[in-house]
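Shown next, in structure tokens, is the structure this report addresses.
Read-outs: derived from the displayed coordinates by stated rules, not from any lab. Computed from a predicted model, the values in this text were never measured in an experiment. Note that each Cβ is placed from the backbone with ideal geometry, even for glycine, and that neighbours are counted across all protein chains shown.
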Amino acid sequence: MPALKKNQIFQTYLYLITPPNIREENLSEFAEALEEIVDNEIISCLQIRLKDSGEIAVTNDIIRTVSKTLVPIAQSNNVAVIMNDSPELASELGCDGVHIGQEDISYSKARSIMGDQAIIGVTCHNSKHLAINASELGADYVAFGAFFPTETKSPKTSAYPELLKWWSEITQIPCVAIGGITPQNCPPLLQTGVEFLAVSSGIWNHPAGHAEAVSDFEKQLMKKN
């Protein structure tokens, strides 16, 4: 998945995921936070993932408003932008790709909407079968998880580092580890050959702030090198 990598300095990169509750009223604050960290070489990707929050439902118009601010910030720093769930919105808003789950649109339909050059990633939970199937269809990356307890979403499965190691040994198709990953708990994952660590609350809810979180991750990635 070279389109997600800025260079080959690191063996593993960060795959940022937005907080689920970005709305127009806090968009400028988040955009400012993103601008503070997005030029770091360890950040390769930004997934726009917005979800319903309390009584406020996420509409396509909300996603459009948020994306029109965030996409240029990321892409101007050579960070690929992945839209969660919707290839239609990804294509409309100029994203570099789309991430689909097992219950979302099919890979083949997503590819027909996005085109041959787009990045398409597929959630595979903790299943070797789902990962192999996704790779045979042509997925640009597979995502495994959850590796740790997470507050971002309710994971359907638990995954273990051995799964990442197995995948890295049988294929060159990149994988993303997801689920509760922090600078403190990521070292066992880094030993597996995993290409990307998906992080959300591990960055945005870090007690010392998002910039310090990125710095802490960078220290871990540099140790791995």
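Among the listed pairs LYS51/LYS219; LYS156/LYS219; LYS51/LYS156; LYS128/LYS165, which are separated by more than 22 Å between their Cα atoms?
On the way: LYS51/LYS219 31 Å; LYS156/LYS219 31 Å; LYS51/LYS156 17 Å; LYS128/LYS165 12 Å.
Where the Cα-Cα span goes over 22 Å, the pairs concerned are LYS51/LYS219; LYS156/LYS219.
Can you spot the aspartates and glutamates whose alpha carbon is less than 19 Å from LYS153's alpha carbon? Ignore those fewer than 8 places along the same chain.
ASP52, GLU55, ASP85, GLU103, ASP104
Be a star and scan the stretch 14-41 for residues whose amide nitrogen sits under 18 Å from the point 7 Å along the Cα-to-Cβ vector of ILE56.
Inside the label zone: 18-34.
What is the set of long-range amide H partners of GLY97 at a cut-off below 5 Å, with H atoms built 1.01 Å from backbone N?
VAL81, MET83, ILE119
Run the numbers for SER28 and GLN191: contour at 0.36 nm per residue of separation, minus the present Cα-Cα distance, in nm.
Values: separation 163, 0.36 × 163 = 58.68 nm, distance 3.70 nm.
Stretched out fully, the SER28 to GLN191 stretch lengthens by 55.0 nm.
How much of the DSSP bridge set in the stretch 2-224 is antiparallel, in percent, rounded to the nearest 5? The partial results should precede the final answer.
On the way: 1 of 29 bridges.
Looking only at bridges with both residues in the stretch 2-224, the antiparallel portion is about 5 percent.
Tell me what the chain gives for mean residue ellipticity at 222 nm when only DSSP H runs of n ≥ 4 count, each as -39,500 (n - 2.57), the sum divided by the residue total, rounded to 500 deg cm²/dmol. Intermediate results must be reported in sequence, preceding the final value.
On the way: 9 runs with 87 residues, N = 225.
-11000 deg cm²/dmol, from helical runs alone.
Find how much the distance from LYS156 to SER112 grows on full extension, using 0.36 nm per residue of separation minus their present alpha carbon separation; answer in nm with one decimal. The partial results should precede the final answer.
Values: separation 44, 0.36 × 44 = 15.84 nm, distance 2.80 nm.
Roughly 13.0 nm would be gained on extension.
Is any residue of the stretch 183-212 close enough, with backbone N under 18 Å, to a label point placed 7 angstrom from the Cα of THR171 along the Cα-Cβ axis, and if so, which?
192-198
Mind checking the log10 I(q)/I(0) for the stretch 49-195 at q = 0.16, 0.19, 0.21 Å⁻¹? Debye, one equal scatterer per Cα, no solvent, two decimals.
Treating every Cα as an identical point scatterer, log10 I(q)/I(0) equals -0.95, -1.26, -1.40.
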